[in-house]
Amino acid sequence: MSQEQLLKRASQVMPASGFGNFDPSIIIREGKGSRVWDEDGNEFIDYLTGSGPMILGHGHPEVLDAVSEQMAKGMTFFAHNARGIELAEEICRALPCAEQVRYTCTGSEADMYAMRLARAYTQRDTILKFEGGYHGMSAEAQMSLAPERQVNFPVAVADSAGIPESVRNDMLVAPYNDIDFARSIMEEMSGKIAAVIVEPFQRVIPPEPGFLEALREACDEHGSVLIFDEVVTGFRFSYGGAQSVYGVTPDVCTLGKIIGGGFPLAAIAGKAELMAHFDKEKVGSERFLMQLGTLSGNPLAAVAGLKTLEILRRPGQYEKLYETGKTLMKGIHECLRDTEPAAQVVGHPTLFDVVFREETIRNYRDVRSGDRDKTARFNATLRANRILKVPGKFYISLALTDTDIEQTLAAVQLAAQQLTH
Ligand SMILES: Cc1ncc(COP(=O)(O)O)c(C=O)c1O
């Protein structure tokens, strides 16, 4: 059946004709290694990578074997299982902040519980987040995620219908990378802020030197919990996540994507003292935070995650990932040298994008002030030339080959020609 026919069927049974995740007009039939094919048989080099989990590429044979073996033994039990325990042990070995782990199915839930955990621990209500920071779909996380309207900080703007006004009252919003602003708001609200939640590397924007350190210090000073959302960066930036790369240890982090190896699994990982609030016996019913889920910690996802992490631990994997990303970043930068305004390749070797703006990019408003029409044309040309990516990111995978890099840069070159003529 053609994509057009499938899309027509989708439009009958799905709002906006799709899942809500991504452009519904492309319907993926299958993936193998660094490539995916749509239902019309068109082949793409994949920088979408399932929005990040498929860091090894699609259908890695060792992950497939591990999953098949587990599948024959049972897909989900709801009950405690050994594979989930092993994965929790591995997460605790890998991440500086992780003394204990609790599973959810999605990063959204993990972030929602991390904020609730901070509230239970501190017995405070207010959460400070950064404009443009993405922490999933909870009411709190939808505050100032991608606001069209720019209001004065620290006022939060709901980016979704259906969120009660009361949620807004407990949220504060700051510009990313603005140490002075974050410090001053924490000073002013001293004793009231339960948590600061931050993507240590926000979307594609790196933290400026000292920013994460200053948040750590301010949280210590004011008794607030520091939450790093490492749903994207965990096991991508390094085996120890962004917290290891930047040398700042949060109290709690959230993980997702890679730890489930392509299956639904995410986690909250943090200091035992905080995680105790998931244990009624330790904290008593008043301070207890109830948390469970039908598929949480399911063995299929745990096995896929464990095998993915085992492969990532092998010598040379991160070096290869970084090398591939650096080659692409440099090549894309060179191809786009002559655009007006100049294109910047912003981000990290494992995750980056192109922003058409001359000035340094420090926060959400800087990215938004880039030339969005050029960005849209750039992305459209890449898609037409069989490069698949989300509008805001290139996700690098270990499956990318030299041929993929060459073909990608040829497509970028074509996009550059179209943008400069
Ligand atoms: C930084 C970050 N946090 C949280 C989430 C939400 O994760 P999920 O889509 O698994 O709910 C995402 C998803 O892309 C993310 O990028």
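The values are calculated or read from the model by the stated rules, or taken from the named source; none is laboratory data. Since the structure is predicted, the reported quantities are computational estimates derived from the model, not experimental observations. Ideal geometry is used to build each Cβ from the backbone, glycine not excepted, and the neighbour counts take in all protein chains shown.
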Keeping to segment 274-291, report how many residues are of a type in the set (Phe, Trp, Tyr) and either within 12 Å of Arg102 (Cβ to Cβ) or not assigned by TED's automatic domain parsing to the domain that holds Gln123 (or both). 1
Output for segment 230-255, where each listed residue is farther than 20 Å from Met275 by Cα, within 16 Å of the ligand (Cβ to nearest atom) and outside any loop (DSSP other than H, G, I, E, B): Ala242, Val245, Tyr246
Filter segment 192-229 down to the residues that are within 16 Å of the ligand (Cβ to nearest atom) and of a type outside the set (A, V, I, L, M, F, W, C) and list them by number. Glu199, Pro200, Gln202, Arg203, Pro206, Pro207, Asp229
Residue identified as over 16 Å from Val101 (Cα atoms) and among the basic types (Lys, Arg) among Lys257, Lys271, Lys307: Lys307
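With the structure loaded, tell me whether Ile127 is in a strand (DSSP E or B), more than 19 Å from the chain's Cα centre (by Cα) and in the same structural domain as Arg203 (by TED's automatic domain parsing) or whether it fails that test.
Values: in a strand (DSSP E or B): yes; more than 19 Å from the chain's Cα centre (by Cα): yes; in the same structural domain as Arg203 (by TED's automatic domain parsing): yes.
Here the answer is yes, as Ile127 does meet what is asked.
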Looking at this structure, is Asp159 away from the ligand (no atom under 16 Å from the Cβ), outside the structural domain of Ser369 (by TED's automatic domain parsing) and at negative phi? no
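For the subset of segment 71-115 comprising residues that are in a loop (DSSP other than H, G, I, E, B) and of a type in the set (A, V, I, L, M, F, W, C), which member is nearest to Thr233 (Cα to Cα)? It would help to see each step written out before you state the result.
So in segment 71-115, the residues in a loop (DSSP other than H, G, I, E, B) come out as 74-81, 95-99, 105-106.
Subset that is of a type in the set (A, V, I, L, M, F, W, C): 75, 77-79, 95, 97-98, 105.
Details: Met75: 27, Phe77: 29, Phe78: 28, Ala79: 29, Leu95: 12, Cys97: 14, Ala98: 15, Cys105: 17 Å.
The selected residue is Leu95.
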Quick one: what pairs do we get from segment 192-203, first residue assigned to a loop (DSSP other than H, G, I, E, B), second of a type in the set (A, V, I, L, M), C-beta under 8 Å, 6+ apart or different chains? Glu199/Val232; Pro200/Leu212; Pro200/Ala242; Pro200/Val248; Phe201/Val232; Phe201/Ala242; Phe201/Leu351; Arg203/Val367
Among the candidates Ile185, Ile205, Ile193, residue that is among the hydrophobic types (A, V, I, L, M, F, W, C) and touching a Pro at 6+ places or on another chain (Cβ under 6 Å): Ile185
Breaking point among (1) surrounded by fewer than 22 Cβ atoms within 10 Å (Cβ to Cβ); (2) within 16 Å of the ligand (Cβ to nearest atom); (3) over 24 Å from Asn21 (Cα atoms), for Arg119: (2)
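Which residue out of Ala139, Ala174, Ala146 is within 16 Å of the ligand (Cβ to nearest atom), of a type in the set (Gly, Ala, Ser) and touching a Pro at 6+ places or on another chain (Cβ under 9 Å)? Can you show your working first?
Values: Ala174 fails: within 16 Å of the ligand (Cβ to nearest atom); Ala146 fails: touching a Pro at 6+ places or on another chain (Cβ under 9 Å).
So the residue among Ala139, Ala174, Ala146 that is within 16 Å of the ligand (Cβ to nearest atom), of a type in the set (Gly, Ala, Ser) and touching a Pro at 6+ places or on another chain (Cβ under 9 Å) is Ala139.
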When you check Phe288 against the structure, is it assigned to a loop (DSSP other than H, G, I, E, B) and within 16 Å of the chain's Cα centre (by Cα), yes or no? no
